[in-house]
Amino acid sequence: MKLISKLSIYVVVFLVHITTTMAQQREDVIYLSDGSQKKGKVVSIGDEVIKFSYTGEEVQYELKKQTVNKIVFANGREESFGNSSAVTGITPSVVASNQLAVLPFEIVSNDQALTTDAMRREIQQSCVDAIKSRGLSFQIQDPRTTNAMLAKSGIQLSDIANHVPEELAKLLGVSYVIVGAYEIENKGTSTIVTTYNDKKQEDRTKGTAVRSNNTYTSTNYNTKVLLSIYDSNGRQLFSDTRKPFMGGLDSYSGALKTLAKRITLK
């Protein structure tokens with residue numbers, strides 16, 4: 001009888017083990033871009049989101065599809081989403097080694113008419129060109145790709161300053177991000193009057209001198225460029241500023257070239 005009892009216990013333990021193992025195998029495992037996992041049941045896979053429920057729950061949750069690296073289903077089948085972005089055509093969930101993304105620049109100005117997305121993108125491209133001229137070993141992400149990924153994640157260009165560099169680097173799938181700002185102070189306008197004398201056209205040797213005035217109005221600016229580099233862990237690796245000698249609106253170009261020369265990263 002004791003032998004039968006022991007056998008019964010072994011059978012029960014074995015059945016519990018088998019049941020537990022089978023229950024674990026019935027879980028779908030979602031692998032996220034930040035290295036974490038979610039286990040449960042994948043309910044549906046849409047164009048933008050993946051719906052799932054945790055094991056033992058009926059509540060459905062949504063994950064942005066672009067944050068998911070792959071899913072290993074309970075039956076062993078795997079589905080990768082590394083190339084699922086139709087806009088960018090790259091893998092945002094996997095951090096690319098030695099790749100750098102330049103973010104659209106923040107514009108700080110007392111003239112709100114200047115704080116436009118067009119200028120943010122223009123300075124962003126100028127920064128990319130300045131860094132490329134250095135011939136560094138970094139692979140620089142195409143700004144159009146960067147901006148498309150930001151837009152798809154619901155991040156407005158004017159809202160980038162409200163997101164930490166570590167978050168943005170992981171979102172873009174790069175090892176480094178460049179965060180920059182362009183400060184513009186509108187100091188008002190000034191008027192310049194130029195005066196010159198001329199002779200009548202028909203007789204320059206004897207004609208009467210004619211005095212003419214030309215008036216020019218220009219806007220005066222003080223500008224400064226700030227540039228910082230962060231890695232995907234949020235560590236600041238480089239930071240510097242440059243105040244152009246001539247404070248025109250397009251003076252950021254020369255300032256960025258100077259700052260690019262100061263970058264100590266290889």
| Is there a residue being in a helix (DSSP H, G or I), at pLDDT 90 or above, more than 25 Å from residue 49 (Cα to Cα) and among the aliphatic types (A, V, I, L, M) anywhere in the range 129-151? | yes
| task | Taking residue 218 as the residue in question, decide whether it is under 28 Å from residue 128 (Cα atoms) and at pLDDT 75 or above. | result | no
| Would the range 44-57 turn up any residue that is among the acidic types (Asp, Glu), more than 15 Å from residue 81 (Cβ to Cβ) and either assigned by TED's automatic domain parsing to the domain that holds residue 154 or at pLDDT below 85 (or both)? | yes
| message | Which pairs turn up if I take residues in the range 113-126 that are under 16 Å from residue 255 (Cβ atoms) and look for partners that are of a type in the set (Phe, Trp, Tyr) and in a helix (DSSP H, G or I) with beta carbon separation below 8 Å, at least 6 apart in sequence or on another chain? | response | 123/252; 126/252
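The values are calculated or read from the model by the stated rules, or taken from the named source; none is laboratory data. On a predicted model such as this, the values are computed, not experimentally measured, just so you know. Note that we place each Cβ from the backbone using ideal geometry, even for glycine, and neighbour counts take in every protein chain shown.
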